[in-house]
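**Student:** Dumping the structure here so I can ask a few things about it.
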Amino acid sequence: QVQLVESGGGLVQPGGSLRLSCAASGSRFSINAMGWYRQSPGKQRELVATITSDGSTNYADSVKGRFTISRDNAKSTMYLQMDSLKPEDTAVYFCYAKQSILYYWGQGTQVTVSS
């Protein structure tokens, strides 16, 4: 099994930045892909960004050019750098890891963008 722990959420003003971290532990062998989802009240869960084991990335149109996903394999940690934040980015952000056919999830971290 894989355990994931997110950190880095908080309150930020519009236009500000935050960096989320997702630390993986346990059986990290053959994690194919990792990524971030977000969920806000009254909205469907949205896939924000993904990164594969070879470093390929993909982003939702709503965050392209503002968010950057990366991973440090030596630290078994994935990051989401969020710049130019908007109020509509307010949500609980969840990281996930895909290992073979299994998905593992973190507990979520709240991001609030408000003045």
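**Student:** Set the Förster distance to 22 Å, then compute FRET efficiency between Ala74 and Gln1 from the Cβ-Cβ distance, nearest 0.05.
**Tutor:** Details: r = 21 Å, r/R0 = 0.96.
Efficiency for this residue pair is about 0.55.
**Student:** Please give the charge dipole size of the range 1-70, origin at the Cα centre, charges +1 on K and R Cβ atoms and -1 on D and E Cβ atoms. Round to the nearest 20 debye. Mind dumping the intermediate values first?
**Tutor:** On the way: 7 positive and 4 negative charges, 27 e Å.
Its charge dipole is roughly 140 debye.
**Student:** Shifting gears a bit: For Lys64, list the aspartates and glutamates whose Cα falls under 15 Å from its own Cα; do not include residues on the same chain fewer than 8 positions away.
**Tutor:** Candidates past the 8-residue exclusion: Glu46, Asp83, Glu88, Asp89.
**Student:** While we're looking at this one, here's another question. For the chain, list log₁₀ I(q)/I(0) at each q in 0.13, 0.15, 0.17 Å⁻¹, using the Debye formula over Cα point scatterers of equal strength and ignoring solvent, two decimals each.
**Tutor:** Result of the Debye calculation: -0.44, -0.59, -0.76.
Values quoted throughout were computed directly from the atomic coordinates according to the rules given, and no laboratory measurement underlies them. Keep in mind it's a predicted model, so treat the numbers as computed, not measured. Note that we place each Cβ from the backbone using ideal geometry, even for glycine, and neighbour counts take in every protein chain shown.
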